[in-house]
Amino acid sequence: MSSDNRKKVIDALNKARSMELQAIHQYMIQHYLLDGMDYGKLCAYMKLIAIDEMRHAEKFAERIEALGGTATCDNAGPIEQPQTIKQIYPFDVNMEENTISTYAELAEVCDKCGDHPSADLFHEIIKEEAVHLGYYQDTQKHIDTLGDAYLAQVAGTSKHSGPIKSFVKVMEKEEF
């Protein structure tokens, strides 16, 4: 791979890493907010998603370093706070949709530059982001259609997420 192409790929990976870092911070703020409102199950799921995003950020950093680059530690943008329960999920749906769209474009950049392992990494992470998106869409739908009845059902539930595991794995096994 030419040095110009290597730089393009590293820039693409760093853009994704900065998006993951922003998501980590955003979702952890939301995790604490949901904890404070006593929505244990929603709080626990938000924490697990933030941990998934941490894994993504680390995978991007490892790939950047393998290509001889330096991984960024900057967030892609500001953290939105405070948010109400009814603002969190539409906001997160938008973040995940933007992430999936951007990562598809960045995977294409990697392919055009001849770096198929980086493109494969983007495709792998897109699959996990799609699981997050589905969860956020479903939760938003429940809040929108059932409102306080749904929120009353999850109020006071356990916030214990058990051993640190992937949200995607939890959803695949439906073990929570």
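Derivation of every value follows stated rules applied to the coordinates shown; laboratory data play no part. If you're wondering where the values come from, they're calculated on a predicted model, not measured in any experiment. FYI the Cβ positions are ideal-geometry reconstructions off the backbone, even for glycines, and counts take in every protein chain you see.
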> Say a paramagnetic label sat at a point 7 Å from the Cα of Asp11, along Cα to Cβ; which residues of segment 77-107 have their backbone N under 14 Å from it?
Replying inline: 106
> If one takes the longest principal axis of the Cα atoms in the chain, at what angle in degrees, from 0 to 90 and to the nearest 10, does the Cα axis of helix 40-66 lie?
Replying inline: 10
> In degrees from 0 to 90, rounded to the nearest 10, what is the angle of the helix 85-112 Cα long axis to the longest principal axis of the chain?
Replying inline: 20
>> Could you identify which residue out of Lys141, Lys15, Lys47 has the top mean-square fluctuation in a GNM of the chain using Cα springs shorter than 10 Å?
In response: Lys141
> Just for the Cα atoms in segment 1-104, what are the lengths along the principal axes, largest first, rounded to whole Å?
Replying inline: 52, 20, 19
> Can you list the aspartates and glutamates whose alpha carbon sits under 20 Å from that of Lys159, skipping same-chain ones fewer than 8 residues off?
Replying inline: Asp35, Asp38, Asp52, Glu53, Asp92, Asp138, Asp148, Glu172, Glu174, Glu175
>> If you average the alpha carbon positions of segment 50-94 and of segment 12-48, how far apart do those two centres end up, in angstrom?
In response: 9
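With the cut-off at 25 Å, tell me which of the pairs Lys59/Lys127; Lys8/Lys169; Lys141/Lys169 have Cα atoms farther apart than that.
Lys8/Lys169
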> Taking the Cα centre of the chain as origin and charging only Cβ (+1 Lys, Arg; -1 Asp, Glu), how large is the dipole, in debye to the nearest 20?
Replying inline: 260
> Using only Cα atoms, what Kirkwood radius does segment 89-176 have, in angstroms?
Replying inline: 15.0
> Taking +1 at the Cβ of each Lys and Arg and -1 at the Cβ of each Asp and Glu, which of Pro117, Ser166, Ala149 sits farthest along the dipole of the chain towards its positive end, judged by Cα position relative to the Cα centre?
Replying inline: Ser166
>> Quick check of the Kirkwood formula: for the chain, what is the inverse mean of 1/r over all pairs of different Cα atoms, in Å?
In response: 16.9
>> Between 0 and 90 degrees, rounded to the nearest ten: what's the tilt of helix 116-146 against the longest Cα principal axis of the chain?
In response: 20
> Which one of Ala44, Ala149, Ala130 has the biggest mean-square fluctuation once the chain is modelled by GNM with Cα springs under 10 Å?
Replying inline: Ala149
> Considering only Val131, Ala66, Tyr89, whose Cα is most displaced toward the positive end of the charge dipole of segment 31-138, charges sitting on Cβ of Lys, Arg (+1) and Asp, Glu (-1)?
Replying inline: Tyr89
